[in-house]
Each structure stands twice: as structure tokens, then as C-alpha cells.
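Visitor: If you scroll down you'll find the structure; I have some questions about it.
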Amino acid sequence: MFLSNGVKQKKEWWKTAFNKDYLTADSYFVSKARTKREISFLLKLTGKIGLTKSAEILDLACGYGTHAIALAKHEFNVTGIDTSEYFLKIARETSKKQKQKVQFSKKDMRTLSFKKRFNLIINMYTSFGYFAEESDNLLVLRKISRALKPKGFLLIDLNNLSQVFFQFYQNGASTGKNNIVSMFQNETLKNGKRLVIKKEIDPLTMHWTITYSWKERRKQKNLQLRIRLFSLPEFRRMLEESGLKIKRVWGYYDGSPYRFDSRRLIILARKAWVIKKTNA
Ligand SMILES: C[S@@+](CC[C@H](N)C(=O)[O-])C[C@H]1O[C@@H](n2cnc3c(N)ncnc32)[C@H](O)[C@@H]1O
């Protein structure tokens with residue numbers, strides 16, 4: 001069956017979206033306190049899963065390196081990959097300033113070529129589900145599985161589909177052309193700038209499109225992201241098809257359990273000893 005996507009969008013939006021403008025729009029969501037919570041969660045996790053010093057960790061879609069650098073400080077061998085030159089430059093400069101060794105490189109996650117290399121792969125802050133083709137999302141999980149050592153772990157931090165729906169209906173969402181559900185949010189950034197956020201969901205594709213608009217030096221700025229939302233059972237099936245089995249699920253970085261209204265869907269999965277043959 002053909003599945004429509006009524007929201008007009010550049011196919012590979014993620015190739016250009018993660019730049020200076022993204023940092024402006026995202027400053028509404030990211031705070032020092034949140035980053036601190038994420039890092040403390042990751043550090044506790046490395047203890048729980050028994051990682052010893054010099055274990056190999058991959059930060060997949062590492063952005064400007066926050067988590068990778070924090071893990072390197074604890075003497076893990078950390079590799080960070082991302083496609084954004086802008087973020088990678090910040091990551092390299094920060095790690096140099098903080099005297100931390102992290103191997104940062106520019107790579108599309110679909111082309112991961114590591115085999116049985118990592119004890120842990122992390123994918124933080126909704127860095128999954130960006131591709132127009134469903135098969136590409138699955139391909140990434142297969143590449144992750146191949147890059148993990150047997151019994152290695154994947155920690156993936158996604159948006160919670162049901163909480164996104166709660167937000168829509170709490171904010172007076174309306175249904176329009178092609179049954180796209182949309183809502184608007186007006187926010188003020190820390191620097192006083194007004195930010196308008198338009199959110200849309202296509203019920204046929206489960207693509208969540210977020211458009212940020214603001215003014216900067218009298219210029220209108222717009223930034224659009226498109227993210228595939230996954231239910232937990234759907235994601236479990238994709239993980240299992242890739243040779244990964246869910247071990248734990250949380251709803252936030254404070255370790256709270258996953259619920260319909262949790263802010264996040266944080267999944268810890270483990271690679272099986274022997275995995276089914278795939279084409280990845
Ligand atoms: C929402 S940001 C999160 C960054 C980082 N994980 C964090 O928590 O700060 C998503 C990141 O995914 C990266 N990205 C997008 N598409 C990618 C791809 N195909 N391969 C590798 N990285 C990608 C972006 O450049 C961006 O840095």
C-alpha cells in the first residue's frame with residue numbers, strides 16, 4: 001500500500017539541519033541540568049552493565065560531543081560519528097580544550113563498517129528515525145548490531161510516541177488536509193527571542209515534522225526536522241530482526257519506568273551471541 005506523507009519536506013533534511021540555527025532552536029529544550037542528568041544516567045549504566053576502563057564505546061550521531069567527551073573522561077575508549085561538520089568541529093575543539101581523546105569522524109550512520117568492535121553503542125536525544133525510507137532505519141540497527149561485540153549493548157534514547165500524542169491533544173491540535181494533525185506552540189528562548197513551533201504528524205507514516213520559526217537580525221529563520229515515531233513493540237521487532245534483544249526500558253534519565261506519558265523512551269538492548277544472517 002502506498003503511504004502518503006502530506007507534509008512537504010526535503011528528503012535528506014538532516015544533511016543541512018544540524019548547524020548554528022539548530023542550536024538556537026534547540027536551546028529551548030536543552031539545558032545544563034538535562035545534560036547533567038543524561039551523563040549521570042550513562043555513567044551509572046556503564047557500571048550496571050559492567051564496563052571496565054578502556055571498554056570501547058561508540059557515540060552514534062554524537063553531535064557536538066557532549067556525551068562522548070564525558071565518557072572519555074572516565075577512561076573509556078570513545079569514538080564519535082556524525083554527519084554535521086559544524087557539530088564535529090565543536091566536538092573536536094571541546095575535547096581538545098578538555099584534554100580528552102575521542103576519535104571523531106564524519107560518517108553517515110547507514111555506512112557504519114565496524115565489526116564486533118564496541119562494548120556499548122549509544123544513540124542519544126532522538127538521533128534515529130530520520131530517513132525517508134523505512135528500510136534505512138532498519139539498516140542502521142543492523143549495522144549497529146554488526147558493530148557490537150557479542151553480548152555488547154545498545155542504549156537508544158527516543159521520543160515517546162504516546163507522550164507526543166498527549167501533547168498534541170492537550171494543545172488543541174487540529175486535523176487538516178490528508179488527515180495531518182497539527183499544533184502550534186509559542187515559546188520564548190533564554191535570550192528573549194520568540195520561537196514559533198509548528199508540529200505535525202502524518203497518521204499514515206508516523207512522521208513527526210517540527211518547524212521552528214524565529215527572527216534574527218530582522219531576518220526570518222525557519223528550521224524543519226522530520227522524525228519517525230516508533231511504538232515500543234514496533235521498535236522491539238526491528239531490534240529483534242537485527243539480532244538485538246531488549247533488556248531494560250526507562251521513561252527518563254532519572255531511571256523512572258516507561259509509561260504512556262513518559263518524556264522519553266530509553267531502551268537498553270543487547271546483542272545475542274549468535275545472530276541470524278542479514279544483508280547488512
Ligand atoms: C538531535 S541531534 C543529537 C546529537 C547528540 N546525540 C546529542 O545528544 O547532543 C542529532 C544528530 O544526528 C546527526 N545525524 C543526522 N543524520 C545522521 C546520519 N545519517 N548519520 C550520522 N549522524 C547523523 C546530526 O548531525 C545531529 O548531530
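The values are calculated or read from the model by the stated rules, or taken from the named source; none is laboratory data. What you see is a predicted model, and the numbers here were worked out from it, not measured in a lab. Glycine also receives a Cβ, built like all others from the backbone with ideal geometry; neighbour counts cover every protein chain displayed.
Visitor: Can you name the condition, by its number, that Gln100 falls short on among (1) surrounded by 14 or more Cβ atoms within 10 Å (Cβ to Cβ); (2) within 13 Å of the ligand (Cβ to nearest atom); (3) part of a loop (DSSP other than H, G, I, E, B)?
Guide: (2)
Visitor: Then there is this: Could you list, in sequence order, the residues of segment 116-146 that are hydroxyl-bearing (Ser, Thr, Tyr), in contact with a helix residue (DSSP H, G or I) (Cβ under 9 Å, 6 or more places away or on another chain) and within 20 Å of Leu229 (Cβ to Cβ)? Please lay out each step first, then the result.
Guide: Within segment 116-146, the first condition is being hydroxyl-bearing (Ser, Thr, Tyr), and the residues that meet it are 125-127, 130, 135, 145.
Pick out the ones that are also in contact with a helix residue (DSSP H, G or I) (Cβ under 9 Å, 6 or more places away or on another chain) and you get 125, 127, 130, 145.
Once the filter is applied, which keeps residues that are hydroxyl-bearing (Ser, Thr, Tyr), in contact with a helix residue (DSSP H, G or I) (Cβ under 9 Å, 6 or more places away or on another chain) and within 20 Å of Leu229 (Cβ to Cβ), segment 116-146 yields Tyr125, Ser127, Tyr130.
Visitor: Further question: Restricted to segment 37-55, and to residues that are out of contact with any helix residue (DSSP H, G or I) (no Cβ under 7 Å at 6 or more places or on another chain) and within 29 Å of Phe131 (Cα to Cα), which residue is surrounded by the fewest Cβ atoms within 10 Å (Cβ to Cβ)?
Guide: Arg37
Visitor: Now, a different point. For residues that are of a type in the set (D, E, K, R) and in a helix (DSSP H, G or I), scanning just segment 145-187, find the one that is farthest from Thr35 (Cα to Cα). Walk me through it before giving the result.
Guide: Let us first name the residues in segment 145-187 that are of a type in the set (D, E, K, R), namely 146, 149, 151, 157, 177, 187.
This time we only want the ones that are in a helix (DSSP H, G or I), so: 146, 177.
Values: Arg146: 29, Lys177: 38 Å.
Ranking the candidates gives Lys177 first.
Visitor: Does Leu58 satisfy being crowded, with 18+ Cβ neighbours inside 10 Å, more than 10 Å from the ligand (Cβ to nearest atom), touching a residue at least 24 places away in the same chain (Cβ under 8 Å) and under 20 Å from Ile267 (Cα atoms)?
Guide: Values: crowded, with 18+ Cβ neighbours inside 10 Å: yes; more than 10 Å from the ligand (Cβ to nearest atom): yes; touching a residue at least 24 places away in the same chain (Cβ under 8 Å): yes; under 20 Å from Ile267 (Cα atoms): yes.
The answer is yes for Leu58.
Visitor: From the list Lys73, Lys15, exactly one residue is touching a residue at least 24 places away in the same chain (Cβ under 8 Å) and more than 13 Å from the ligand (Cβ to nearest atom). Which is it?
Guide: Details: Lys15 fails: more than 13 Å from the ligand (Cβ to nearest atom).
After applying the criteria, what remains is Lys73.
Visitor: Same structure, new question: Scanning for something assigned to a loop (DSSP other than H, G, I, E, B) and outside the structural domain of Ile39 (by TED's automatic domain parsing), does segment 241-255 turn up at least one residue? Write out each step before concluding.
Guide: Going residue by residue through segment 241-255, those that are assigned to a loop (DSSP other than H, G, I, E, B) are 242-243, 251-255.
From what's left, outside the structural domain of Ile39 (by TED's automatic domain parsing): none.
No.
Visitor: Then there is this: Inspect segment 188-204 for any residue being among the small types (Gly, Ala, Ser), closer than 21 Å to Ser27 by Cβ and surrounded by fewer than 16 Cβ atoms within 10 Å (Cβ to Cβ) and give the result as yes or no.
Guide: Initially, segment 188-204 is screened for residues among the small types (Gly, Ala, Ser), giving 192.
Next, only the ones that are closer than 21 Å to Ser27 by Cβ stay: 192.
Then keep just the ones that are surrounded by fewer than 16 Cβ atoms within 10 Å (Cβ to Cβ); that gives 192.
Scanning segment 188-204 turns up at least one residue that is among the small types (Gly, Ala, Ser), closer than 21 Å to Ser27 by Cβ and surrounded by fewer than 16 Cβ atoms within 10 Å (Cβ to Cβ).
Visitor: Moving to a separate point now. In segment 106-128, how many are under 25 Å from Leu45 (Cα atoms) and more than 10 Å from the ligand (Cβ to nearest atom)?
Guide: Of the residues in segment 106-128, 8 are under 25 Å from Leu45 (Cα atoms) and more than 10 Å from the ligand (Cβ to nearest atom).
Visitor: Tell me which residues, restricted to segment 103-144, are part of a strand (DSSP E or B) and under 16 Å from Lys271 (Cα atoms).
Guide: Phe118, Asn119, Leu120, Ile121, Ile122, Asn123
Visitor: Which fully enclosed helices (runs of 4 or more DSSP H) of segment 7-96 have 3 or more residues being in the same structural domain as Asp108 (by TED's automatic domain parsing) and farther than 20 Å from Thr126 by Cβ? Break it down stepwise before answering.
Guide: Details: elements: 14-17, 20-26, 32-48, 66-72.
The helices (runs of 4 or more DSSP H) meeting that bar are 32-48.
Visitor: Please verify whether segment 28-42 includes one or more residues that are over 30 Å from Gln185 (Cβ atoms) and more than 12 Å from the ligand (Cβ to nearest atom).
Guide: No.
Here is a yes/no grid of residues against (1) in contact with a helix residue (DSSP H, G or I) (Cβ under 7 Å, 6 or more places away or on another chain); (2) among the small types (Gly, Ala, Ser):
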residue: Gly176; (1), (2): no, yes
residue: Val181; (1), (2): yes, no
residue: Lys190; (1), (2): no, no
residue: Thr205; (1), (2): no, no
residue: Trp208; (1), (2): yes, no
residue: Thr211; (1), (2): no, no
residue: Arg217; (1), (2): no, no
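Visitor: Across segment 256-269, which residue is surrounded by the fewest Cβ atoms within 10 Å (Cβ to Cβ) among those that are within 18 Å of the chain's Cα centre (by Cα) and not aromatic (Phe, Trp, Tyr)? Spell out the reasoning first.
Guide: Pass one, segment 256-269, residues within 18 Å of the chain's Cα centre (by Cα): 258, 262-269.
Those left that are additionally not aromatic (Phe, Trp, Tyr): 262-269.
Working: Ser262: 17, Arg263: 15, Arg264: 19, Leu265: 24, Ile266: 24, Ile267: 23, Leu268: 17, Ala269: 27.
The residue in question is Arg263.
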